[in-house]
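Asks: To start, I am sharing the structure in question, which I have written as structure tokens.
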Amino acid sequence: MSRLVVVSNRLADPRKTAAGGLAVALAEVLNNTGGMWFGWSGKLVEPEQGGVAGEGEVHIQNAGAVQLVTVDLSRADHDAYYTGYSNGVLWPVFHYRLDLADFDAGYIAGYRRVNQMFARKLLPLLNPDDIIWVHDYHLIPLAAELRALGCTNRIGFFLHIPLPPPLILAAIPGHDWLIRALFSYDVLGFQSNVDLGHFTAYAQSEAHAQHLGEGRWRAFNRSVQASAFPIGIDVQEFEALTQAQEGRDMYERMKNEYSRRKLLVGVDRLDYSKGLPHRMRAFRELLDKYPETRKSATLIQIASPSREDVTAYSDILHELESLCGSINGDFGELDWMPVRYMHRVVARARLPGLYRAARVALVTPLRDGMNLVAKEFIAAQDPDDPGVLVLSRFAGAAEQMREALLVNPYDTAGTAAAIHLALQMPLEERRLRHQALLTTIRRFDVHWWCETFLESLASARSEESGTSWLRL
Ligand code: GDG
């Protein structure tokens, strides 16, 4: 069995359960193959500490059978590659937010420089038959940079966030460079068929790619296999967490605290893609339009801090705080506050208890690659008395989770009506919907995702030797 090398911007220590499903699933395969996980160490080196653009110290440590290899970033590299290009250009555009993208700051040079550095540091550590799996938008050009240094290993890429339609992508100066870079991979994985469709539409219209059949595309003298691999969660691990002491304690506490009310829950990174202000406006509309929900419904919204050095994130924080404050100010009573909002990270072991105590989960992003909270909520429910998932049609998860109450988060009245329906849904219907959703998330769990991607990569036809590798 070939060794697996995973490359992602950040690593999680696979020995810690707090790392979550993705890390657990990757750790399993990495362990089985004695693999390596490569990425940024999280350490920033300031100029006065000797930080130089395009350079970074490499650290190697062992976590059981897995080697963790990390590289430090200089301040200049971090600001251009991570904050600037990845999160200031690619993240907003890929989530259809051209208005929030900063195209003019010239971050692309730093993005490329860090990808070149990662390629330079990784190459000497590779064995000829290693299989390399690169994750996410920070590292789109990594395969091309590795190829430029002579790497002929199989390399796959999975995009965790959405891919927008060609006309939106085309707003990025250098979009053709980015998509050309994707053709240096052997396999491309997207979250949904919608994203896959956007890739193939771009490949045909802008890159004049030729379809070789069964998802294989040829352009730039390379061919690539492109498919949808919707990511899942580790359902078993999450169920175990639900039954563990901390999960049960949290459930009991929530049930007691809210025994006279129906609990709604939202758990999100505080990110403009998650549609939190829209959600608050819909909740306000619910209280306004359906007075019986006053005093009987409480929304707990966890918005965990994220990328706070990007301006758009502090704007969303202020907007959300003001919306929550005005709902509580206008509707709150001495013995009832409609919204409990927390801008804090909640321990992972407590999330299942919170989900299980909730009658309704609000997962209403404006755009989302998949959204794992939707799946975690379903996994945590009591099948005999389950809660209802209100899910945005713009989350990748909506393609699989058709039995949720699907909403358009831009439609405030429609979303409020769906939340109202969810709060009143009879037990029998809740059970049926939950059963169907549970079957789906069990079948397409994170292990399925890992295995099917890696099978596809293992069986991808490699290019004949002597192919001139794509130069960026
Ligand atoms: C990207 C894509 C795609 C959230 N708050 C807390 C907390 N969380 C955990 C949740 C869940 C995870 O973070 C968030 O999952 P999402 O799916 O919403 O992911 P993103 O961070 O946006 O990540 C997304 C995902 O990649 C995987 O491919 O689904 O579309 O954007 O697991 O539970 N966990 C803890 N405390 C919190 O306060 N412990």
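Yes/no per residue for (1) out of contact with any Asp or Glu (no Cβ under 8 Å at 6 or more places or on another chain); (2) of a type in the set (K, R); (3) away from the ligand (no atom under 16 Å from the Cβ):
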| residue | (1), (2), (3) |
| --- | --- |
| F199 | yes, no, yes |
| E206 | no, no, yes |
| R216 | yes, yes, yes |
| A226 | yes, no, yes |
| F229 | yes, no, no |
| L241 | yes, no, no |
| M254 | yes, no, no |
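Asks: State whether the residues of segment 439-449 include one that is touching a helix residue (DSSP H, G or I) at 6+ places or on another chain (Cβ under 7 Å), β-branched (V, I, T) and closer than 22 Å to T242 by Cα.
Replies: Within segment 439-449, one or more residues are touching a helix residue (DSSP H, G or I) at 6+ places or on another chain (Cβ under 7 Å), β-branched (V, I, T) and closer than 22 Å to T242 by Cα.
Asks: Additional query: Within segment 271-288, track down each residue that is within 16 Å of the ligand (Cβ to nearest atom) and of a type in the set (A, V, I, L, M).
Replies: L276
Asks: What is the residue count in segment 183-212 for residues that are open to solvent by 10 Å² or more (accessible area, probe 1.4 Å) and assigned to a helix (DSSP H, G or I)?
Replies: Residues in segment 183-212 being open to solvent by 10 Å² or more (accessible area, probe 1.4 Å) and assigned to a helix (DSSP H, G or I): 9 in total.
Asks: Now, a different point. Quick one: what pairs do we get from segment 93-114, first residue touching a residue at least 12 places away in the same chain (Cβ under 8 Å), second aromatic (F, W, Y) and open to solvent by 60 Å² or more (accessible area, probe 1.4 Å), C-beta under 7 Å, 6+ apart or different chains?
Replies: That search, which allows pairs on different chains as well, returns nothing.
Asks: Looking at (1) within 16 Å of the ligand (Cβ to nearest atom); (2) charged (D, E, K, R); (3) over 19 Å from the mean Cα position of the chain (by Cα), find the lone condition where D384 falls short.
Replies: That leaves (1) as the condition not met.
Asks: Based on what the data block shows, is T293 surrounded by fewer than 16 Cβ atoms within 10 Å (Cβ to Cβ) and of a type in the set (S, T, Y)?
Replies: no
Asks: Counting only residues that are hydrophobic (A, V, I, L, M, F, W, C) and either open to solvent by 30 Å² or more (accessible area, probe 1.4 Å) or more than 11 Å from the ligand (Cβ to nearest atom) (or both), which one in segment 346-365 is farthest from F394 (Cα to Cα)?
Replies: Looking at residues that are hydrophobic (A, V, I, L, M, F, W, C) and either open to solvent by 30 Å² or more (accessible area, probe 1.4 Å) or more than 11 Å from the ligand (Cβ to nearest atom) (or both), I get A347.
Asks: Run down V24, V89, V52 and say which single residue is within 22 Å of A143 (Cα to Cα) and either of a type in the set (V, I, T) or without any contact (Cβ under 8 Å) to a residue 24 or more places away in the chain (or both).
Replies: V89
Asks: Is it the case that segment 327-335 has a residue that's outside any loop (DSSP other than H, G, I, E, B), surrounded by 14 or more Cβ atoms within 10 Å (Cβ to Cβ) and at pLDDT below 95?
Replies: The answer is no; no qualifying residue exists.
Asks: Name the residues in segment 452-468 that are surrounded by fewer than 18 Cβ atoms within 10 Å (Cβ to Cβ) and modelled with pLDDT under 95, would you?
Replies: Listed by number, the residues that qualify are A458, S459, R461, S462, E463, E464, S465, G466, T467, S468.
Asks: Then there is this: Which of the following residues is under 30 Å from E451 (Cα atoms) and either assigned by TED's automatic domain parsing to the domain that holds P305 or of a type in the set (D, E, K, R) (or both): E257, E237, E252?
Replies: Just one listed residue meets the conditions, E237.
Asks: Find all pairs meeting these conditions: Cβ atoms under 6 angstrom apart; at least six residues apart or on different chains; first residue within segment 258-287 and touching a residue at least 60 places away in the same chain (Cβ under 8 Å) and part of a helix (DSSP H, G or I); second residue within 16 Å of the ligand (Cβ to nearest atom) and of a type in the set (D, E).
Replies: Listed pairs, sorted by first residue: K274/D268.
Asks: Now a separate question. Looking only at segment 375-402, which residues are open to solvent by 40 Å² or more (accessible area, probe 1.4 Å) and either touching a His at 6+ places or on another chain (Cβ under 8 Å) or assigned to a helix (DSSP H, G or I) (or both)?
Replies: P383, E399
Asks: Which of the strands (runs of 3 or more DSSP E) found entirely inside segment 1-106 contain at least 1 residues meeting this: open to solvent by 20 Å² or more (accessible area, probe 1.4 Å)?
Replies: Because the criterion is at least 1 residues that are open to solvent by 20 Å² or more (accessible area, probe 1.4 Å), the strands (runs of 3 or more DSSP E) in segment 1-106 that meet it are 36-45, 58-63, 66-74.
Asks: L391: farther than 23 Å from Q245 by Cβ and within 13 Å of the ligand (Cβ to nearest atom), yes or no?
Replies: Yes, satisfied.
Asks: Still on this structure, please answer the following. Kindly check whether there is at least one residue in segment 293-309 that is part of a helix (DSSP H, G or I) and over 30 Å from A101 (Cα atoms).
Replies: yes
Asks: Next question. All but one of (1) open to solvent by 10 Å² or more (accessible area, probe 1.4 Å); (2) touching a strand residue (DSSP E or B) at 6+ places or on another chain (Cβ under 9 Å); (3) of a type in the set (A, V, I, L, M) hold for L372; which doesn't?
Replies: For L372, the exception is condition (2).
Asks: Condition (residue is aliphatic (A, V, I, L, M), part of a helix (DSSP H, G or I) and open to solvent by less than 30 Å² (accessible area, probe 1.4 Å)) applied to segment 218-231: is it met by at least one residue?
Replies: Taking every residue of segment 218-231 in turn, none turns out to be aliphatic (A, V, I, L, M), part of a helix (DSSP H, G or I) and open to solvent by less than 30 Å² (accessible area, probe 1.4 Å).
Asks: Looking for something more than 30 Å from D79 (Cβ to Cβ), in contact with a Lys or Arg (Cβ under 8 Å, 6 or more places away or on another chain) and surrounded by 16 or more Cβ atoms within 10 Å (Cβ to Cβ) - is there at least one such residue anywhere in segment 306-323?
Replies: yes
Asks: Could you list, in sequence order, all residues of segment 240-251 that are in contact (Cβ under 8 Å) with a residue 60 or more places away in the chain and surrounded by fewer than 17 Cβ atoms within 10 Å (Cβ to Cβ)?
Replies: A244, E246, R248, D249, listed by residue number.
Asks: Listed residues I300, I378; which is touching a residue at least 12 places away in the same chain (Cβ under 8 Å) and away from the ligand (no atom under 12 Å from the Cβ)?
Replies: After ruling out the rest, the residue left standing is I378.
The values are calculated or read from the model by the stated rules, or taken from the named source; none is laboratory data. Remember, predicted model here, so these are calculated numbers, not experimental data. Backbone-built Cβ (ideal geometry, glycine too); neighbour counts: all protein chains shown. Accessible surface is based on the protein model in full, side chains and every heavy atom, while ligands, DNA and RNA are left aside. Shrake-Rupley method; radii C 1.70, N 1.55, O 1.52, S 1.80 Å.
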